[in-house]
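One structure below.
The values are calculated or read from the model by the stated rules, or taken from the named source; none is laboratory data. Predicted model, so just to flag it, every value in this text is computed and none were measured. Glycine also receives a Cβ, built like all others from the backbone with ideal geometry; neighbour counts cover every protein chain displayed. Each accessible area value is taken on the protein alone, full model and side chains, heavy atoms only, with ligands, DNA and RNA left out. Shrake-Rupley method; radii C 1.70, N 1.55, O 1.52, S 1.80 Å.
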Amino acid sequence: MAPQLTLQAPLQLPPSEVPAYLNRLWTDNLKDSSGAATFTLVVWEPSWLQQQLIRTGRTDGPITGLLNDQLLEAAREAIGALGLPASTAPTAPDVAWALGQLPGSHGAEDLRGQFVDRAISAHQPRRLITLAPTLAGDRHLESTVAAYCPLPEERGVSADACGDVVVLRGGMGAMQQGLAMLQELIPSDLPCWVWWNGTMDESPELLEALAVPPRRLVVDSSIGEPRRCLDLLEQRIEQGQAVNDLNWLRLRTWRESLAMVFDPPSRQSALDQVVQLDIDVEGQHPVKGLLLAAWIADRLGWHLLNSFWIDGGAGEGRGIGAEFQRSDGQSVQFRLMPVPVGVSKMHPGALVGLRLICAPPQRPPLCVILCSESGGCMRLEAGGVASMELAEEVVPLPNESEEMEMARLLGGGHDSTNPLLASAAALAAKLLPN
């Protein structure tokens, strides 16, 4: 958290008293200001993985809601011990669910909502509201409030930059009951971001109540059942809501690397002659690969003809195939396949590699291969590419936390959906076979 002057240390209050208390707090302590005129950030922070790892004694508390190397390592160890596939990402909901079937009663202090990432606090949110559901489903609703002012290094403290923090904690039933009070805490005259920092499958009624337009919704389409993830993205965007997807943001370096490969004038014309697109992903979550394929197809003006499931054979799982039609009427074949990996990356469905084959007239075919690491290129290098002009790149993968990505969104404003995401999400939803 950025350096701060504490105006109100964390104080536990009955939930019904929180709205009135906060009003009095600002009136009594900052008579000349109602706080920063910035935004409200509402965070759904279930942290099921961290809670289950602590409950089963695989890691220590406190519960913060923040991913770190220790937590990810404990999750990877649990994947092997639980007999889950090696390609299972440590943040996959399957890990928390499997841990939930094990005995254990270790406890820890719950500090969710009180560890505000420095990158987010630097944007001086007017109000930060964290919803922290507990494993104990019958736990009553509890609320904690705090208020602070940032301490800029080279200037005095300004009341116009101050904000407050509200944490609501309890079982899932209590979360639902606290919705009415929560709505009172969201100022209508300031922008509001709703960060659904959990699986897109859970609590659809709660998500519906929190993320009402014009509130800006932030999700992660790598966490949840793929059909649900893509349908929710498509529906919200069609309704005109401002939607941001952290899974889409992680494609930034892939899109940039692919654009750089075709930057030389000698290769630009080859983009109009693509005949095959292959994408490899980790595990059985295809959304990220489908979003990348949809972005490529949309940018190049391809029309989707059909999509279908592919039997990947023993040990590989199902893949996805599709046929596109280029603007000149020629066919483009697409294939997305799950591949086994030794150590999975943090998020489900991480990209392993991409292969794009172009067949320009009167020239040798061009094969472009991008991969997340040199070993990931090997499968895509098979299949006769030795006879083609080969352009191969290892994509630099960013190592940024969700909080850093969220801070980038807050800094950019983004009161509408990125048009590239809007087009890609709609096409990716059609690419996923029913």
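Under the condition of being more than 16 Å from TRP248 (Cβ to Cβ), open to solvent by 30 Å² or more (accessible area, probe 1.4 Å) and not β-branched (Val, Ile, Thr), the residues counted in the range 388-414 number 9.
Here is the figure for the range 87-130: residues that are of a type in the set (Phe, Trp, Tyr) and touching a Gly at 6+ places or on another chain (Cβ under 9 Å) total 1.
Which residue is nearest to PRO19 (Cα to Cα), if the candidates are limited to the range 171-190 and must be touching a residue at least 60 places away in the same chain (Cβ under 8 Å) and part of a loop (DSSP other than H, G, I, E, B)? Step by step, filter the range 171-190, then rank; the result is LEU185. For the range 282-325, a residue qualifies if it is modelled with pLDDT of 95 or more, over 22 Å from SER372 (Cβ atoms) and out of contact with any strand residue (DSSP E or B) (no Cβ under 9 Å at 6 or more places or on another chain), and the qualifying residues are ASP298, GLY301. Checking each residue of the range 251-268 against the condition of being among the hydroxyl-bearing types (Ser, Thr, Tyr) and in contact with an Asp or Glu (Cβ under 7 Å, 6 or more places away or on another chain) gives at least one match. For the range 326-354, taking the residues that are in contact with a strand residue (DSSP E or B) (Cβ under 7 Å, 6 or more places away or on another chain), under 27 Å from ASN247 (Cβ atoms) and open to solvent by 30 Å² or more (accessible area, probe 1.4 Å), the one that is modelled with the lowest pLDDT is identified as VAL341.
Pick from the range 73-91 the residues that are among the small types (Gly, Ala, Ser) and open to solvent by less than 20 Å² (accessible area, probe 1.4 Å): which of them is farthest from GLU282 (Cα to Cα)? Spell out the reasoning first.
Let us first name the residues in the range 73-91 that are among the small types (Gly, Ala, Ser), namely 74-75, 78, 80-81, 83, 86-87, 89.
The next check asks that each one be open to solvent by less than 20 Å² (accessible area, probe 1.4 Å); those that pass are 74-75, 78, 89.
Details: ALA74: 20, ALA75: 17, ALA78: 18, ALA89: 8 Å.
Residue satisfying both the conditions and the ranking: ALA74.
Filtered by the rule that a residue be assigned to a loop (DSSP other than H, G, I, E, B), of a type outside the set (D, E, K, R) and open to solvent by less than 40 Å² (accessible area, probe 1.4 Å), the range 101-140 gives GLY104, LEU111, GLY113, VAL116, PRO125, THR134.
Yes/no per residue for (1) at negative phi; (2) β-branched (Val, Ile, Thr); (3) out of contact with any helix residue (DSSP H, G or I) (no Cβ under 6 Å at 6 or more places or on another chain):
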| site | (1), (2), (3) |
| --- | --- |
| ARG58 | yes, no, no |
| THR88 | yes, yes, no |
| ALA98 | yes, no, yes |
| ILE129 | yes, yes, yes |
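Filtered by the rule that a residue be touching a helix residue (DSSP H, G or I) at 6+ places or on another chain (Cβ under 6 Å) and in a helix (DSSP H, G or I), the range 232-253 gives LEU233, GLU234, ILE237, LEU246, ASN247, TRP248, LEU249. Here is the figure for the range 64-100: residues that are touching a residue at least 60 places away in the same chain (Cβ under 8 Å) and outside any helix (DSSP H, G or I) total 11. Quick check on SER143: is it touching a Ser or Thr at 6+ places or on another chain (Cβ under 6 Å), surrounded by 14 or more Cβ atoms within 10 Å (Cβ to Cβ) and of a type in the set (Ser, Thr, Tyr)? Answer is no for this residue.
Scanning the range 290-312 turns up at least one residue that is in contact with a Leu (Cβ under 7 Å, 6 or more places away or on another chain), assigned to a strand (DSSP E or B) and at negative phi. The residues in the range 416-433 that are closer than 19 Å to ILE320 by Cβ and in contact with a strand residue (DSSP E or B) (Cβ under 9 Å, 6 or more places away or on another chain) can be counted, and the count is 6. When LEU304, LEU277, LEU300 are screened for being open to solvent by less than 10 Å² (accessible area, probe 1.4 Å), hydrophobic (A, V, I, L, M, F, W, C) and either closer than 18 Å to ALA426 by Cβ or touching a helix residue (DSSP H, G or I) at 6+ places or on another chain (Cβ under 8 Å) (or both), only LEU277 passes. Candidates are the residues of the range 204-235 that are open to solvent by less than 20 Å² (accessible area, probe 1.4 Å) and without any contact (Cβ under 8 Å) to a residue 40 or more places away in the chain; the one that is farthest from TRP44 (Cα to Cα) is LEU232. Determine whether ASP94 is within 23 Å of SER401 (Cα to Cα), more than 23 Å from the chain's Cα centre (by Cα) and open to solvent by 10 Å² or more (accessible area, probe 1.4 Å). No, not satisfied.
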